[in-house]
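**Student:** I am attaching a structure below and will ask some questions about it afterwards.
The values are calculated or read from the model by the stated rules, or taken from the named source; none is laboratory data. Computed from a predicted model, the values in this text were never measured in an experiment. Because the Cβ atoms are built from the backbone with ideal geometry, glycine has one as well, and the counts that use them run over all protein chains shown.
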Amino acid sequence: MTMKEKPKEIFSATGRRKEAVACVRLIPQGKGKIVINGKQLNSYFATVDNQAQVKKALLVIEAIDKMDVLARVRGGGLSGQAGAVSLGISRCLVKLDPQLRSTLRREDLLTRDPRAKERKKYGRKGARRRFQWTKR
C-alpha cells in the first residue's frame, strides 16, 4: 500500500439473537458481497427467509450493491444467526451515517429481539409441559 492510497474505512458492530452472536464488518466501498463465516450468503443460509432478513437493512437504504459485509457468527441456530447478522448490519449502518437511525428504527431493524428459550422448571417435563396424569 502506497502513501497516496486512502485506507478503506471499515465499520464493525455486534448483533445478537437468541443464543447467536454475530461480529459484523461493513465495507462501504464494496460490490455487494455478503460473506458469513467464509461462505457466500446463499450457501450459508439455504432458506430465502433468512437471506431476506440479512439483506433487509441494506435494501431499506438502497445500498445492497454498494457495500460488502463480512460476518462471523457463533452459537444458536440458523434463524437466530440470521437475526444476529441483520442487527449487526443495521448497527454498522448507523455508525456509518447516524441519519439512517430513524429509517432503520421505522423498519424495526435496530431493536434487539429479546425472545429467548424459556428455562425448564422442576416438576415439569419442559418449560411448561407437565408429566402425564394417570387416574389409576
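**Student:** Among the candidates Arg17, Arg74, single out the residue that is touching an Asp or Glu at 6+ places or on another chain (Cβ under 8 Å), farther than 17 Å from Leu100 by Cβ and basic (Lys, Arg).
**Tutor:** Values: Arg74 fails: touching an Asp or Glu at 6+ places or on another chain (Cβ under 8 Å).
None of the other options fit; the residue is Arg17.
**Student:** Same structure again: Going through segment 8-52 one residue at a time, which ones are without any contact (Cβ under 8 Å) to a residue 60 or more places away in the chain, buried (at least 16 other Cβ atoms within 10 Å of the Cβ) and assigned to a loop (DSSP other than H, G, I, E, B)?
**Tutor:** Gly30, Phe45
**Student:** Checking the condition more than 30 Å from Arg129 (Cα to Cα) and not β-branched (Val, Ile, Thr), which residue from Ser12, Ser79 passes? Spell out the reasoning first.
**Tutor:** Values: Ser79 fails: more than 30 Å from Arg129 (Cα to Cα).
From the options Ser12, Ser79, the qualifying one is Ser12.
**Student:** Of the residues Leu93, Leu59, only one is buried (at least 16 other Cβ atoms within 10 Å of the Cβ) and farther than 23 Å from Ala116 by Cα; which? Outline the logic, then answer.
**Tutor:** Working: Leu59 fails: buried (at least 16 other Cβ atoms within 10 Å of the Cβ).
Being buried (at least 16 other Cβ atoms within 10 Å of the Cβ) and farther than 23 Å from Ala116 by Cα holds for just one of Leu93, Leu59, which is Leu93.
**Student:** So, one more: Being over 12 Å from the mean Cα position of the chain (by Cα) and either surrounded by fewer than 19 Cβ atoms within 10 Å (Cβ to Cβ) or modelled with pLDDT of 95 or more (or both) is the filter here, so list the residues in segment 62-75 that pass it. Step through it out loud before you land on a result.
**Tutor:** Going through segment 62-75, the residues over 12 Å from the mean Cα position of the chain (by Cα) turn out to be 62-68, 75.
Glu62, Ala63, Ile64, Asp65, Lys66, Asp68, Gly75, listed by residue number.
**Student:** Further question on the same structure: Checking Ser102 against (1) under 15 Å from the mean Cα position of the chain (by Cα); (2) part of a helix (DSSP H, G or I); (3) without any contact (Cβ under 8 Å) to a residue 60 or more places away in the chain: exactly one of these is not met. Which one?
**Tutor:** (1)
**Student:** Could you tell me whether Tyr122 is within 15 Å of the chain's Cα centre (by Cα) and of a type in the set (Phe, Trp, Tyr)? Walk me through it before giving the result.
**Tutor:** Working: within 15 Å of the chain's Cα centre (by Cα): no; of a type in the set (Phe, Trp, Tyr): yes.
Here the answer is no, as Tyr122 does not meet what is asked.
**Student:** Is it the case that some residue within segment 90-103 is within 18 Å of Ile10 (Cβ to Cβ) and in contact with a Gly (Cβ under 6 Å, 6 or more places away or on another chain)? Break it down into steps so the answer makes sense when it comes.
**Tutor:** Taking segment 90-103 and keeping what is within 18 Å of Ile10 (Cβ to Cβ), we get 90-98, 100.
After this cut, where a residue has to be in contact with a Gly (Cβ under 6 Å, 6 or more places away or on another chain) as well, the list is none.
Scanning segment 90-103 turns up no residue that is within 18 Å of Ile10 (Cβ to Cβ) and in contact with a Gly (Cβ under 6 Å, 6 or more places away or on another chain).
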